[in-house]
Amino acid sequence: MNRWKVVGLTAAISFLLIVSAGAQNFPTGPIAYMNPFNPGGEVDIAARAMQPYLEKAFAQPFVINYLPGAGGALCWSKLAAAKPDGYTIGGFSIPHIILQPIFMKDVAYKSDDFVIFSIVEYTPIGLAVKKDSPVNTFKEFVEYTKANPGKINCGGVGKFTGHHFATLQYMKLSGAKVNYVTFQGTSEVQTALLGGHIDAAFTNSTLLVTSRDQIKVLAVGSPQRMSQLKDIPTFEELGFKMYPRIARGAMGPKAIPKDIQKVIEKAFLDTTSQPDFKVKMEKAGFVPQVMGIAESHKFLEAEAVTIKQLAKDFDLK
Amino acid sequence: MDLWNHILLGVQVCLDPLNLLFCFIGVVMGTLVGVLPGLGPTAAIAILLPNTFHVSPVTAIIMLAGIYYGAMYGGSTTSILVNIPGEASSVITCLDGYQMARKGRAGAALGIAAFGSFIAGTIAVLGLMLVAPPLAKFALAFGPPEYFSLMLLGIAILIYLAAGSILKALIMAVFGLLIGTIGMDSISATQRLTCGLLELCDGVGLIPAIMGLFGVAEVIANVEQEIKREFVTTRVRNLLPTLQDWKDSIWPMIRGGFLGFFIGILPGPAPVISAFTSYAIEKKLSKHPEKFGTGMIEGVAGPEAANNAATGGAFIPLFTLGIPSNSVIAVLLGAFMIHGIQPGPMLIANHPDLFWGTIISMYIGNAMLLVLNLPLIGIWVQVLKVPYPILFPLILLFCLVGVFSLNYSKVEVSLMIGFGVFGYLARKFQFEMAPLVLALVIGPMMESKLRLSLVISHGSPLIFVEKPISALFLLISLALLISPMISKIGKRRQKLQKIVEGEEV
């Protein structure tokens, strides 16, 4: 009997040790990061910028894989069903992960299927008009759109995306009606705006910063003025309480054990608080963030409330 | 002269041993990737991107650019040898290139493809050097209406590709357009014909379609024909093109080079469009259009030159405006940003060493590719001597692995096999594949531009004729469509049809 007790005790202690060692030794192999969009996009740029720091933090390779499709829905559906051991994580965009489960069919995930480790950056969405536009300030734009309901062409990427909702928010707060023109990528919006084929666009700050001299940037949706666009007022300053933006970062399936979550969170926080990382992101037109799990989820919930309200206001299906 | 100083700067940058090494690695990787079906330059660039973090941005861009135009060189090899395009842009090369190979002239075809690509690459680089900024403005003038009209012109040109019955070509083209509608609608994001499969949300992939229609179907067709030994036993004479070949090809190459360069500036799938436009033009200008599709060297020289030149043209919007013309350039753009370089109009002014260094590296890269590819022709041709029972299962394996490695999607592999069976059946009834593939490429773009134009014009179709460039393309399309009805050309067409229908496939 005694021998069995010893065996049992040893087994119990080893089991406990292994379980805790699991978290302590994480990661013991490469971490796979699923990019829901094509190479070269904003998620990719952020991921690549983080890669060297993350590899140091994890002491393991940080492998970036691409799984584009359905505007990100393909990757996120797969990520929600992935093994929750912390070795498979992925990028995300807010508001996409909120909007897609509501408006797209056959999407196999919900925004609360995930634990968000960190929001790494966001690109505020701002308003720009074409170079030879008759308006020069935001106020003039508001009057112009009110005087020509439904005639002003405002470009953006996709339906049920951050750009679309920024346009809706603008219409709600101003009472004007613009014609939303759907493009399939930021570069298409860029070409159309630079070529004067559309009148205006609600678009990412990265585009506003890059094409600064070829368009007129009227306003930007960050809470404070962006350092890269010091002379551009925010929507808030102009009396429009809207903060449209696309936030990106890393997330994983919800069921990842809490201690492993913490390890991953710490790696991202260490990376995003590096000063040279921040500088790189700012130069490219992003607003870098340092947010952990709790803050990120709070952000997600706040955005979800705004967006669901907008969807109701505009009776979107 | 300022230009001379710039060139000297570029040469200085290029002759740095590290840059030369990375250029070499880039073009070799590019060729490899172009030869392998499925894997494309986008994937190769994305995979190699992390390795460039430890070197300067100039070195990184030189290598990554090398991969891009290297892939165009490589893509023609499998098209000519085994009728399987390595890249979408090499589909056209299959038409005459493979026929040349069947007649024992694979060496000449490969040689002309290599030389044509080199000459075109040089034209493109010259163009880049001399006219980059004004041309960029030209690209901007193309809005959705202009694109739609251009795509419509492309469909009209498709008719000229048809060696045989126009009706059959049109049927395949319409089928291609239909397949192109599968997926999420570009304007309202509704899912069409996706049967609940998320994988089909972005439409039927081009690679599974091409691999299936050309690769798998070819294997099945050949297996059925019980392996014609005569192909293998024909001694491959003339590994290099003859003087006659050169005389025939030089003008198509030059025309293709210029054409490809200008089309390359426009955002979109430029290499594909320039290749088949070049083919159509060469066929129209030729004294023997009926021979196209049976192994005319002009049908290889022109398109190959065009698709290489298009890669050069695609760099213009990147360097001058910071706009990516296609997915490969988008990755390059991302690489710029990761290396801390701000893309946009100020790029050339702020980073002259980057711009001029890359341009001169393209000359050197093109030369390296020529030197690399010519001796390899002898080796590639040996591949043809591999007995079919071994060769074809290998090809099938490459196709399966290639498609699966893209997105790890079983749906895509099933699609490929489905296309393969369809392609085999279509061949039996003498339907051509090329119109279907090209419609698949053009169709989605045409539809999205059409609807975008109508949204912008608030529903008025007059926008297509109000815009001058758009109106011009529409006029040319109309002319092309009407021309068969004019008796002189109509008779020629009928003659051509009779000749082709009479032959066995």
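Values for this structure:
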| quantity | calculated |
| --- | --- |
| Hey, B:Ile390 modelled with pLDDT of 75 or more, in a helix (DSSP H, G or I) and touching a Gly at 6+ places or on another chain (Cβ under 8 Å) or not | no |
| Matching strands (runs of 3 or more DSSP E) fully within segment A:152-239 where at least 1 residues are more than 14 Å from every other protein chain (Cβ to nearest Cβ) and either aromatic (Phe, Trp, Tyr) or within 17 Å of B:Gly143 (Cβ to Cβ) (or both) | A:200-204 |
| Residue in segment A:88-96 that is among the β-branched types (Val, Ile, Thr), surrounded by fewer than 24 Cβ atoms within 10 Å (Cβ to Cβ) and part of a helix (DSSP H, G or I) present | no |
| Set B:Gly418, B:Gly357: member being of a type in the set (Gly, Ala, Ser), surrounded by fewer than 18 Cβ atoms within 10 Å (Cβ to Cβ) and away from chain A (no Cβ under 14 Å) | B:Gly418 |
| Residue match in segment A:245-262 (condition: outside the structural domain of A:Ile64 (by TED's automatic domain parsing), touching a helix residue (DSSP H, G or I) at 6+ places or on another chain (Cβ under 9 Å) and free of Cβ contacts under 8 Å to residues at least 60 places away in the same chain) | no |
| All positions within segment A:209-221 that are at pLDDT 85 or above and of a type in the set (A, V, I, L, M, F, W, C) | A:Ile215, A:Val217, A:Leu218, A:Ala219, A:Val220 |
| Residues of segment B:202-240 that turn out to be at pLDDT below 75 and of a type outside the set (Lys, Arg), as a count | 12 |
| Lone unmet requirement of (1) closer than 18 Å to B:Phe276 by Cα; (2) at pLDDT 85 or above for B:Asn83 | (2) |
| Residue that is at the interface with chain B (Cβ under 9 Å from one of its Cβ atoms) and not in a helix (DSSP H, G or I), where the choices are A:Gly29, A:Gly40 | A:Gly40 |
| Residues of segment B:405-427 satisfying the condition of being of a type outside the set (Gly, Ala, Ser) and without any contact (Cβ under 8 Å) to a residue 60 or more places away in the chain | B:Tyr408, B:Lys410, B:Leu425 |
| Of all residues in segment B:456-492 being part of a loop (DSSP other than H, G, I, E, B) and either in contact with a helix residue (DSSP H, G or I) (Cβ under 6 Å, 6 or more places away or on another chain) or farther than 22 Å from A:Tyr180 by Cβ (or both), the one that is modelled with the lowest pLDDT | B:Ile486 |
| Helices (runs of 4 or more DSSP H) contained in segment B:38-155 and holding at least 1 residues away from every other protein chain (no Cβ under 14 Å) | B:57-82, B:91-102, B:106-140 |
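The values are calculated or read from the model by the stated rules, or taken from the named source; none is laboratory data. These figures come from a predicted structure and were not determined experimentally. So basically every Cβ, Gly included, is an ideal-geometry build from the backbone, and we count neighbours across all protein chains shown.
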